[in-house]
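Worksheet: one structure, shown below.
The values are calculated or read from the model by the stated rules, or taken from the named source; none is laboratory data. Just so you know, these numbers come straight off a predicted model, no measurement behind them. Cβ placement follows ideal geometry from the backbone for every residue including glycine, while neighbour counts extend to all protein chains displayed. With ligands, DNA and RNA removed, areas are computed over all heavy atoms of the protein, side chains included. Shrake-Rupley method; radii C 1.70, N 1.55, O 1.52, S 1.80 Å.
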Amino acid sequence: MVTKVKLYGVNKEFKDEASTYIQKEIQPNSSINLFIYNFANSKGGKYRTDKIRNVGEPPSILDSSLVELSRNQIQRFLASKGYFNAEVKSKIYVRKKKAKIIFNAEQGGAFKIRNVEQEIADPQVAEIYQSYITNHPTIRGGMRFDADSLARERETIYDLMKHKGYYDYVRQYVRFEVDTNMNSSLADVKLFIDNPEGKTAHTVFKIDSSEVVIKDSDGELGDSVPTKTAMPGALTIIDYSHRFRPKPLIRYIYPRKGESFDIEKENLTYDRLYELNSFRAIRTNYKKKDSTSLKVNYELIPLKRMSNRVEGEYTFTSGRSGFNIGNTYTNRNLFGGSEQLEIKARYGVLFDSGLGGPLWNEVWNQDFQFGANLSIPRLLVPFRIPLIGKNGMPHTIFSTNWQIFDQLNTYSNRYVINSITYNWYDTKYKLHSVTPLSLEYRLGRLDNNFKDYLQKEGYELYVKSNDRAYFGIGSQYAYTFNTIRLNTYDDFLFFRGALDLSGNTLNLLSKIIPFKKNDLGQNTILNVPYLQYIKAETDFRVYRYLGGDRQFVARINAGIGVPFGNNHEFLIFEKQFFGGGMNDLRAWQARTLGPGNYNRSVLTEDLRNRLRNLDQLGEIKIVSNFEYRFKLVNDFFGAKLKGATFADIGNIWRLRETEENPGGEFKFDKFLGQMAIGAGAGLRFDLQYFVFRFDAGLKVKDPQFAGKDQWVITELFHSGDFKDAYKKTNGPDTYNFLQYNFGIGMPF
């Protein structure tokens, strides 16, 4: 059995790629996958000979012919990278039925390109190519010879020709001749672009007409007579489903009558039609009408118009358990223009067994939410704008959300928010999102006994921020750069910035219209005060590709919220930042970090229990994350198993000193010493369509303690005494050095 394979003598730049030419059958097994295979396919110390189960990996058995094949392919790979004199040797060491394979490469010097010439039979094609390489030189004298560069050049020419109207063009028209001089390590490259056989030039094709056929959801034409609509530009819509209006569709069919054939417009049409989220299959077929013109036929198969999804989950938190159940109804083509209506309803309940009595007496809290979103694939504005869509599908989204929440003997919440949002792409990398109007109403009420208790204990801020009613009339703007690259291994930067404003328009009106004031001196509408605040948040990341499936990501996420005017004393609970969680500082559970040096031991035991998730919030947030990602196993029960190691640093703070959160205020001379630090590792199960993630975060430095006691990592190996002492001062809160996080998708 092969237990080790080593490759020496190959430059670091090419080593990962060269290693892929070692045949999979002679590469060492993953210990996990080999164990699974052995467990499933062995009996009595021997392998099964029949009914073999296809799980895990069978052991890699030494095969000298595959060793020789691998050696030869590595040598050919090095030659393709310009090392024409490279020589690769292999050696096999066997001991106790275990084999070690060593590949040693002598690369020699790399050949460089001396001269590049072109011989292009068609003068028009030669002009197009020369114009292109003037601004995009790819193969030039002085560069290292690389066969991949020639392959990329062939593909570039193919795309260029297909963009310029040459429908009949094929890759085989391009060929290269390479003349090497072994003594000088120089190579001359000559590029040929041939004409079609028997012709003196390539033919440019133009679009004559287009026809769109919409089948039913089963991909059939059906028995009914289709709706047939002739549109301007020799475009015909034939709809067997009788569900689609023609005008919204033709906005995103870009090849038009009289234009030259262009593969980019074909691809653009594919992308936009799929982004309508109304079709499960889109096929394009070109037919030659004569020697220079084309008819374009589109075949569209719609998705089912309506769907319904029921979801449920069991929850367990802080000794309480419960469940959530939700229903989502979707209509993908509400008005015939690919408008998508989504209606969601969710009910959640949490039980506390410590309350005793029948089950209905153990209800700790209940949460009912209802929401509806209508997404329209264009910008609905009261003025004329140019058609936007070449870089990405624009959307207008109307949204409404309602919530009813009650927590036993603590507080209740009634919340309604309505908004309209516009999303559009400036380029394929730049997304803008504008919410010109967000109208919300919230009614929060504390239990009277709990309210009296808080006031008696001096926690008036919690009373003001939670026992209140308000209107919010505001606007939001968000700018996102490079979302399209998040699932790639490129080197790139990602940025997202968001701005949230509320109350400014109403404040201007208050200068003209004398709004009625309440007992606190706040301006009101219908006897309810309105919010005034400004909140900004940024998310900046650096992605670096390290070869193979390895990647490094560095991120900083910072934000600040500033209340003023009507509610200058505090930023409302719902708009504040929190620390911890699966996408933040992963060694802390969400809403259990900060603010600043704040420690919950200043609260009574009863308050620590009741104020969970209410007292650890802030108006300022600074978080940095560093993550190294790599591949573990190619096939783990049908998924790629990837790993990650990470370090998270950051905290949240109050804008100013408060009695409720001593030590929680932000100060420039102290905030660096108040940073929390966590480290950990995780697994990512990549199922192609989504990633299932598990992370374990370990607390290294915890700012709720003072001085050197913040370095809680020193207590890890004698944690019993530490946890007992913490429980005495902070009970019922417990201290966990490790925090586990499960999630769908990458953390950032």
Result of the Cβ filter at 9 Å on segment 322-333, keeping first residues that are farther than 7 Å from residue 310 by Cα and partners that are among the basic types (Lys, Arg) and open to solvent by less than 50 Å² (accessible area, probe 1.4 Å), at least 6 apart or interchain, is 333/243
Note on segment 538-572: residues open to solvent by 50 Å² or more (accessible area, probe 1.4 Å) and of a type outside the set (Asp, Glu) are 538, 540, 544, 545, 546, 550, 552, 556, 560, 562, 564, 568
In segment 607-641, anything of a type in the set (S, T, N, Q), closer than 30 Å to residue 30 by Cα and either in contact with a Cys (Cβ under 7 Å, 6 or more places away or on another chain) or in contact (Cβ under 8 Å) with a residue 60 or more places away in the chain (or both) is listed as 625
**Prompt:** Does segment 367-374 include one or more residues that are open to solvent by 30 Å² or more (accessible area, probe 1.4 Å), in contact with a Ser or Thr (Cβ under 6 Å, 6 or more places away or on another chain) and under 27 Å from residue 279 (Cα atoms)?
**Reply:** yes
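Kindly establish whether residue 70 is polar (S, T, N, Q), open to solvent by 40 Å² or more (accessible area, probe 1.4 Å), at pLDDT 95 or above and under 30 Å from residue 38 (Cα atoms).
No: the conditions fail for residue 70.
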Turns out the strands (runs of 3 or more DSSP E) fully within segment 618-731 with at least 3 residues that are at pLDDT below 90 and open to solvent by 30 Å² or more (accessible area, probe 1.4 Å) are 620-636
(Q) Against the definition (in contact with an Asp or Glu (Cβ under 9 Å, 6 or more places away or on another chain), touching a residue at least 12 places away in the same chain (Cβ under 8 Å) and either open to solvent by 40 Å² or more (accessible area, probe 1.4 Å) or at positive phi (or both)), how does residue 233 come out, yes or no? (A) no
### Query
open to solvent by less than 30 Å² (accessible area, probe 1.4 Å), at negative phi and hydrophobic (A, V, I, L, M, F, W, C) - does that describe any residue in segment 45-57?
no
Quick count over segment 13-35, residues being closer than 17 Å to residue 75 by Cα, among the aromatic types (Phe, Trp, Tyr) and part of a helix (DSSP H, G or I), is 1
A careful count of residues in segment 184-194 that are of a type outside the set (Lys, Arg), over 21 Å from residue 263 (Cα atoms) and in a strand (DSSP E or B) gives 6
Could you check, for segment 587-603, whether at least one of its residues is charged (D, E, K, R), open to solvent by 60 Å² or more (accessible area, probe 1.4 Å), modelled with pLDDT of 85 or more and closer than 25 Å to residue 441 by Cβ? yes
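If you check residue 422 against the conditions, is it hydroxyl-bearing (Ser, Thr, Tyr), open to solvent by less than 50 Å² (accessible area, probe 1.4 Å) and either assigned to a loop (DSSP other than H, G, I, E, B) or modelled with pLDDT of 90 or more (or both)? Talk me through it step by step, then tell me what you get.
On the way: hydroxyl-bearing (Ser, Thr, Tyr): yes; open to solvent by less than 50 Å² (accessible area, probe 1.4 Å): yes; either assigned to a loop (DSSP other than H, G, I, E, B) or modelled with pLDDT of 90 or more (or both): yes.
Judged against the criteria, residue 422 is a match.
Results for (1) over 35 Å from the mean Cα position of the chain (by Cα); (2) more than 30 Å from residue 552 (Cβ to Cβ); (3) surrounded by fewer than 17 Cβ atoms within 10 Å (Cβ to Cβ); (4) among the polar types (S, T, N, Q), shown as yes or no for each residue.
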{"site": "491", "(1), (2), (3), (4)": "no, no, yes, no"}
{"site": "498", "(1), (2), (3), (4)": "no, no, yes, no"}
{"site": "504", "(1), (2), (3), (4)": "no, yes, yes, yes"}
{"site": "516", "(1), (2), (3), (4)": "yes, yes, yes, no"}
{"site": "519", "(1), (2), (3), (4)": "yes, yes, yes, no"}
{"site": "528", "(1), (2), (3), (4)": "yes, yes, yes, no"}
{"site": "533", "(1), (2), (3), (4)": "no, yes, no, no"}
Every listed condition ((1) outside any loop (DSSP other than H, G, I, E, B); (2) under 27 Å from residue 235 (Cα atoms); (3) open to solvent by less than 70 Å² (accessible area, probe 1.4 Å)) holds for residue 315 save (2)
Looking for something in contact with a Ser or Thr (Cβ under 9 Å, 6 or more places away or on another chain), surrounded by fewer than 17 Cβ atoms within 10 Å (Cβ to Cβ) and in a loop (DSSP other than H, G, I, E, B) - is there at least one such residue anywhere in segment 94-109? yes
Can you confirm whether segment 201-211 contains a residue that is open to solvent by 30 Å² or more (accessible area, probe 1.4 Å), part of a loop (DSSP other than H, G, I, E, B), in contact (Cβ under 8 Å) with a residue 24 or more places away in the chain and closer than 28 Å to residue 340 by Cβ?
-> no
Per the filter on segment 272-296, residues surrounded by 15 or more Cβ atoms within 10 Å (Cβ to Cβ) and either part of a strand (DSSP E or B) or free of Cβ contacts under 8 Å to residues at least 12 places away in the same chain (or both) are 274, 279, 282, 284, 286, 293, 294, 295, 296
Here the residues within segment 166-183 that are open to solvent by 60 Å² or more (accessible area, probe 1.4 Å) and in a helix (DSSP H, G or I) are 171, 172
Restricted to segment 405-416 and to residues being over 20 Å from residue 342 (Cβ atoms) and out of contact with any Lys or Arg (no Cβ under 6 Å at 6 or more places or on another chain), the residue surrounded by the most Cβ atoms within 10 Å (Cβ to Cβ) is 411
Of those in segment 426-442 that are basic (Lys, Arg) and open to solvent by 30 Å² or more (accessible area, probe 1.4 Å), the residue nearest to residue 470 (Cα to Cα) is 430
In segment 59-90, anything among the hydrophobic types (A, V, I, L, M, F, W, C) and either part of a loop (DSSP other than H, G, I, E, B) or closer than 16 Å to residue 26 by Cβ (or both) is listed as 61, 62, 66, 67, 69, 74, 84, 86, 88
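For (1) aromatic (Phe, Trp, Tyr); (2) not in a loop (DSSP other than H, G, I, E, B), each residue gets a yes or a no:
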{"site": "441", "(1), (2)": "yes, yes"}
{"site": "463", "(1), (2)": "no, yes"}
{"site": "521", "(1), (2)": "no, no"}
{"site": "536", "(1), (2)": "no, yes"}
Here the residues within segment 443-460 that are open to solvent by less than 30 Å² (accessible area, probe 1.4 Å) and either outside any strand (DSSP E or B) or on the phi > 0 side of the Ramachandran plot (or both) are 450, 454, 458, 459
| query | Being exposed (fewer than 12 other Cβ atoms within 10 Å of the Cβ), of a type outside the set (Asp, Glu) and not in a helix (DSSP H, G or I), is that true of even one residue in segment 118-130? | reply | no
Of those in segment 142-183 that are small (Gly, Ala, Ser) and in contact (Cβ under 8 Å) with a residue 12 or more places away in the chain, the residue farthest from residue 263 (Cα to Cα) is 142
Note on residue 327: of the conditions (1) at pLDDT 95 or above; (2) open to solvent by 30 Å² or more (accessible area, probe 1.4 Å); (3) closer than 30 Å to residue 467 by Cα, unmet is (3)
